[in-house]
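Enquirer: My structure is below; once you've seen it, I'll send some questions.
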Amino acid sequence: MRVLKLSKKDENKLYDVLIKFGEVWAPVPKGSRYVFDKIEKKEDLIMYNEFIRTILPIKKFLMPQELNILNFKPSKYEKPKVDIPTRVIVGVPPCEIHALNILDKFYTTDFVDNYYMERREKVIIIGKSSLPDEYLFSHKTNTSIVEEGYDLFFIDLGDYYLVWVGSEKGDDIVRLGSDIFSEDVPVDVAKDFVAYREKRRKAFTKDIDLEGVTDLMELMYDADFWDEFGEKCLSCGQCTMVCPTCTCFNVIDEIELNKDEGHRRRYWDSCMFKDYSLVAGQHNFRESRAERLKLWYTHKLKAFIGHFGSPSCVGCGRCIITCPVDINVETVVEKLKG
Amino acid sequence: MKKKPTLGIYGFTGCAGCQLSLLDCEDELIDLFSAADIKVFYEAMSNNDDEALVDIALVEGSINTNKQLDELKEIREKAKVLVAFGSCANHGCVQAMALGDGKWEQRFKQVYGDAKFTVAIPREAQPIHKFVKVDAFIPGCPPSKIQMLRAITQLLFGNKPTYTNSPVCLECKFRENECLLNDGKLCLGPLTMGGCTAPCPTHNTPCIGCWGIIEEANHIAELKLLKEKGFKTEEIIRRFRMFGGSEIVEKIEKLLEVAK
């Protein structure tokens, strides 16, 4: 791994380098929040100082909300030909890069999801560290620091960014942008880096005690509080859509009017919806809202460990600020801890 | 050549916007008329064959007179598959916003006084499933083009149309909107059947529930939440009722109890 410097004086030249690799996408304001959007003008590429939590996580680039996956006729079927652009995603926080690593495992272990992979290969991740806000708790999920999964990673050290190179693509970028990325990184930079890390570590305020939660999920599976949450839940499904590690989708076939052809559409589904667990014969595995909530939290805090070695919550805090009725990792863990 | 399925498109009380939405599918109209033998289309044709037996009847509008009720029953007898087409037929829509409050006659008198009705005797607006067996439904006020054509295609193939059994919130989040409930707005997204692609919240306007209530709607939780946010019970209930039609009637008593 290499590390370079980008002086803030040269920050405005970054766009010109990145655009040579593909479309540039970065957080832009939307209401009181941010969304990853395509950046058309170099002055719109802003490296925000504060922690940016976009409404939807970067999974939207890799498994779009809605996707046509197949065109079919009686005689043949084919994958729609789509031109997937290379997208350089700037300003991805560490917890989201962890989420990306989780998605990679999910979509490549046992079965490789080609729709995911063809998009994954066309994404360049430019990560950025920033001080946490009051909802981020990635320090509790071991996802506040990132060591892999990015192409470049920026750390703001005052007058300059420390730029870590995490992949060959990242290396290509710094080589092409050699007039702004400096290799002059003296040893005493380490002091500033350690001081920044320490400052950042101390800046986390959201205190969610996740220790032992995996075991508690098992022990508290029949606790009454699940029913209380079930009564409060609006079944709006926002939690699953904003969660950076939720992957569920539905697939339906649609036929064109008066034509012998159709297409197969894949779109985000939510385990909070009743039809999600509805099977043939009208049996529903999770009839009640409480059962559905249990499924989700089991998946986030427990079940994923068995398959992939770590829980799938990355502490981004989206469920905390999104759920209108405050059912989130924080309130569930509070109840688990009694 | 295989005989085309016959289709009748009928209209009762409503704005006729559902039929209009179908007419608005300009690019697909030729396909529709090629795929089906259309016997009745009140809004689009002058030579309607009212006596025709049809494979599929799309019925728009609520039942507001005794005459309509008789006609509806006749359509039911003539149709193999009867489909409630749009919000009025499905649950009564805005004309049923006060359904079941026991004051219909009083309101009617206020508006029409002692006027004599001879052709059609008016009655409180009701959705069609209150009177006849409904085999399938197409939600919407009006139905979206995509969902409507998909449903009609499924019907023409002899299948039951699928609909979006997820709330407006799904598509609202697809479009990456902030949650209006969190912004303190009286949004009915979580209670409302999706499929509309959430145009209102996307333009920062709360959902008013025009596609009708979704099966999983948790009105009690939403009522409690909105009260916490400072809305008055009457305002919340009025909004629930606006497009709630017959679906909300049975929930009202419980909701008022909870509100106390």
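The values are calculated or read from the model by the stated rules, or taken from the named source; none is laboratory data. Being a predicted model, the structure only gives us computed values, none of them experimental. Virtual Cβ from ideal backbone geometry, glycine too; neighbours counted across all protein chains shown. Please note that ligands, DNA and RNA were not included when accessible areas were found on the heavy atoms of the full protein model with its side chains. Shrake-Rupley method; radii C 1.70, N 1.55, O 1.52, S 1.80 Å.
Enquirer: Take the residues in region B:210-223 that are more than 9 Å from chain A (Cβ to nearest Cβ) and assigned to a helix (DSSP H, G or I); name whichever of them is nearest to A:Ser270 (Cα to Cα).
Expert: Only one residue fits best here, namely B:His219.
Enquirer: Hey, could you check region A:249-291 for residues that are of a type in the set (Phe, Trp, Tyr) and within 11 Å of chain B (Cβ to nearest Cβ) and say which is nearest to B:Ile214 (Cα to Cα)? Lay out the reasoning, then the answer.
Expert: Looking only at region A:249-291, we keep the residues that are of a type in the set (Phe, Trp, Tyr), and these are A:249, A:267-268, A:273, A:276, A:285.
Keeping just the survivors that are within 11 Å of chain B (Cβ to nearest Cβ) gives A:267-268, A:273, A:276.
On the way: A:Tyr267: 19, A:Trp268: 18, A:Phe273: 11, A:Tyr276: 15 Å.
The extreme case among them is A:Phe273.
Enquirer: Only one residue in B:Leu170, B:Leu226, B:Leu191, B:Leu181 is within 14 Å of another protein chain (Cβ to nearest Cβ), in contact with a Pro (Cβ under 6 Å, 6 or more places away or on another chain) and among the aliphatic types (A, V, I, L, M). Which one? It would help to see each step written out before you state the result.
Expert: Numbers: B:Leu170 fails: in contact with a Pro (Cβ under 6 Å, 6 or more places away or on another chain); B:Leu226 fails: in contact with a Pro (Cβ under 6 Å, 6 or more places away or on another chain); B:Leu191 fails: in contact with a Pro (Cβ under 6 Å, 6 or more places away or on another chain).
The match here is B:Leu181.
Enquirer: Report whether or not A:Leu103 is among the aliphatic types (A, V, I, L, M), in a strand (DSSP E or B) and in the same structural domain as A:Ala195 (by TED's automatic domain parsing).
Expert: Values: among the aliphatic types (A, V, I, L, M): yes; in a strand (DSSP E or B): no; in the same structural domain as A:Ala195 (by TED's automatic domain parsing): yes.
Taking the combined requirement at face value, the residue does not satisfy it.
Enquirer: Among the residues that make up region A:230-244, is at least one of them in a strand (DSSP E or B) and within 12 Å of chain B (Cβ to nearest Cβ)?
Expert: Checked against the condition, which is being in a strand (DSSP E or B) and within 12 Å of chain B (Cβ to nearest Cβ), region A:230-244 yields no hits at all.
Enquirer: Further question: Consider region A:69-105. How many of its residues are free of Cβ contacts under 8 Å to residues at least 40 places away in the same chain and open to solvent by 70 Å² or more (accessible area, probe 1.4 Å)?
Expert: 8
Enquirer: Report yes if A:Pro64 is in the same structural domain as A:Phe154 (by TED's automatic domain parsing) and either in contact with a helix residue (DSSP H, G or I) (Cβ under 7 Å, 6 or more places away or on another chain) or open to solvent by 40 Å² or more (accessible area, probe 1.4 Å) (or both), otherwise no.
Expert: Judged against the criteria, A:Pro64 is not a match.
Enquirer: Checking B:Gly184 against (1) of a type outside the set (A, V, I, L, M); (2) within 30 Å of A:Lys232 (Cβ to Cβ); (3) crowded, with 22+ Cβ neighbours inside 10 Å: exactly one of these is not met. Which one?
Expert: Unmet condition: (3).
Enquirer: Right, something else. Among B:Lys78, B:Lys109, B:Lys133, which is the only one that is open to solvent by less than 50 Å² (accessible area, probe 1.4 Å) and either more than 30 Å from A:Glu261 (Cα to Cα) or in contact with a helix residue (DSSP H, G or I) (Cβ under 7 Å, 6 or more places away or on another chain) (or both)?
Expert: From the options B:Lys78, B:Lys109, B:Lys133, the qualifying one is B:Lys78.
Enquirer: Only one of A:Lys302, A:Lys274 is buried (at least 16 other Cβ atoms within 10 Å of the Cβ) and out of contact with any strand residue (DSSP E or B) (no Cβ under 8 Å at 6 or more places or on another chain). Can you tell me which?
Expert: Within the list A:Lys302, A:Lys274, the selection yields A:Lys302.
Enquirer: Quick check on this structure: which one of A:Lys41, A:Lys59, A:Lys9 is touching a Ser or Thr at 6+ places or on another chain (Cβ under 9 Å) and either surrounded by 15 or more Cβ atoms within 10 Å (Cβ to Cβ) or farther than 30 Å from A:Asn114 by Cα (or both)?
Expert: It is A:Lys59.
Enquirer: Taking region A:106-142 as the region of interest, how many residues are in a strand (DSSP E or B) and more than 16 Å from the chain's Cα centre (by Cα)?
Expert: Residues that pass the stated criteria total 1.
Enquirer: Please tell me if B:Leu256 is open to solvent by less than 20 Å² (accessible area, probe 1.4 Å), over 24 Å from A:Ile321 (Cα atoms), more than 10 Å from chain A (Cβ to nearest Cβ) and assigned to a helix (DSSP H, G or I).
Expert: So B:Leu256 fails the test.
Enquirer: Let me ask something additional. Which residues, taken from region A:151-173, are closer than 12 Å to A:Phe21 by Cβ, surrounded by 22 or more Cβ atoms within 10 Å (Cβ to Cβ) and touching a residue at least 60 places away in the same chain (Cβ under 8 Å)?
Expert: Correct list: A:Ile173 only.
Enquirer: Can you find, within region B:124-167, the residue that is farthest from the other protein chains (Cβ to nearest Cβ) among those that are of a type in the set (Gly, Ala, Ser) and not in a loop (DSSP other than H, G, I, E, B)? First the steps, then the outcome.
Expert: Start the filter on region B:124-167 by keeping residues that are of a type in the set (Gly, Ala, Ser), which leaves B:125, B:136, B:140, B:144, B:151, B:158, B:166.
Restricting the remaining residues to those that are not in a loop (DSSP other than H, G, I, E, B) gives B:125, B:136, B:151.
Numbers: B:Ala125: 29, B:Ala136: 16, B:Ala151: 10 Å.
Among those residues, the one meeting the criterion is B:Ala125.
Enquirer: Turning to a different aspect of this structure: Does A:Arg318 qualify as being within 14 Å of chain B (Cβ to nearest Cβ) and in contact (Cβ under 8 Å) with a residue 24 or more places away in the chain?
Expert: yes
Enquirer: I would also like to ask the following. Check region B:115-123 and report whether any residue there is without any contact (Cβ under 8 Å) to a residue 60 or more places away in the chain, assigned to a helix (DSSP H, G or I) and of a type in the set (Phe, Trp, Tyr).
Expert: no
Let's see how each residue does on (1) at negative phi; (2) outside the structural domain of B:Ala120 (by TED's automatic domain parsing); (3) under 19 Å from the mean Cα position of the chain (by Cα); (4) open to solvent by 50 Å² or more (accessible area, probe 1.4 Å):
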{"residue": "B:Gln19", "(1), (2), (3), (4)": "yes, no, yes, no"}
{"residue": "B:Leu22", "(1), (2), (3), (4)": "yes, no, yes, no"}
{"residue": "B:Asp27", "(1), (2), (3), (4)": "yes, no, no, yes"}
{"residue": "B:Ile30", "(1), (2), (3), (4)": "yes, no, no, yes"}
{"residue": "B:Ser34", "(1), (2), (3), (4)": "yes, no, no, no"}
{"residue": "B:Phe41", "(1), (2), (3), (4)": "yes, no, yes, no"}
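Enquirer: Let me ask something additional. Examine region A:179-187 for a residue that is exposed (fewer than 14 other Cβ atoms within 10 Å of the Cβ), aliphatic (A, V, I, L, M) and either in a helix (DSSP H, G or I) or free of Cβ contacts under 8 Å to residues at least 40 places away in the same chain (or both), and state whether such a residue exists. Working first, answer last.
Expert: Filtering region A:179-187 down to residues exposed (fewer than 14 other Cβ atoms within 10 Å of the Cβ) leaves A:179, A:183-184, A:186-187.
Subsequent filtering for residues that are aliphatic (A, V, I, L, M) retains A:187.
Then keep just the ones that are either in a helix (DSSP H, G or I) or free of Cβ contacts under 8 Å to residues at least 40 places away in the same chain (or both); that gives A:187.
For region A:179-187, residues exposed (fewer than 14 other Cβ atoms within 10 Å of the Cβ), aliphatic (A, V, I, L, M) and either in a helix (DSSP H, G or I) or free of Cβ contacts under 8 Å to residues at least 40 places away in the same chain (or both): present.
Enquirer: Return a yes/no flag: does region A:163-172 have any residue that is over 30 Å from B:Leu155 (Cα atoms), under 22 Å from the mean Cα position of the chain (by Cα), within 14 Å of chain B (Cβ to nearest Cβ) and part of a helix (DSSP H, G or I).
Expert: no
Enquirer: Looking only at region A:201-213, decide whether some residue is in a helix (DSSP H, G or I) and within 14 Å of another protein chain (Cβ to nearest Cβ).
Expert: No - not one qualifying residue is present in region A:201-213.
Enquirer: Pairs please, first residue from region B:90-105 and under 19 Å from B:Gly140 (Cβ atoms), second anywhere and of a type in the set (Asp, Glu), Cβ atoms under 7 Å, 6+ apart in sequence or on different chains.
Expert: These pairs meet every condition: B:His91/B:Glu247.
Enquirer: Moving to a separate point now. So which strands (runs of 3 or more DSSP E) stay within region B:22-80 end to end and still have 1 or more residues that are touching a residue at least 24 places away in the same chain (Cβ under 8 Å) and within 14 Å of chain A (Cβ to nearest Cβ)?
Expert: Qualifying strands (runs of 3 or more DSSP E): B:37-41, B:54-60.
Enquirer: Note down all Cβ pairs under 6 Å where the first residue falls in region A:21-33 and is away from chain B (no Cβ under 14 Å), the second is open to solvent by 50 Å² or more (accessible area, probe 1.4 Å) and modelled with pLDDT of 95 or more, and they're at least six residues apart or on different chains.
Expert: If the second residue must be open to solvent by 50 Å² or more (accessible area, probe 1.4 Å) and modelled with pLDDT of 95 or more, the pairs left are A:Glu23/A:Lys38.
Enquirer: I'm told B:Gly8 meets every condition in (1) part of a strand (DSSP E or B); (2) over 23 Å from B:Ser87 (Cβ atoms) except one. Can you identify the failing condition by its number?
Expert: So B:Gly8 meets the others, but not (2).
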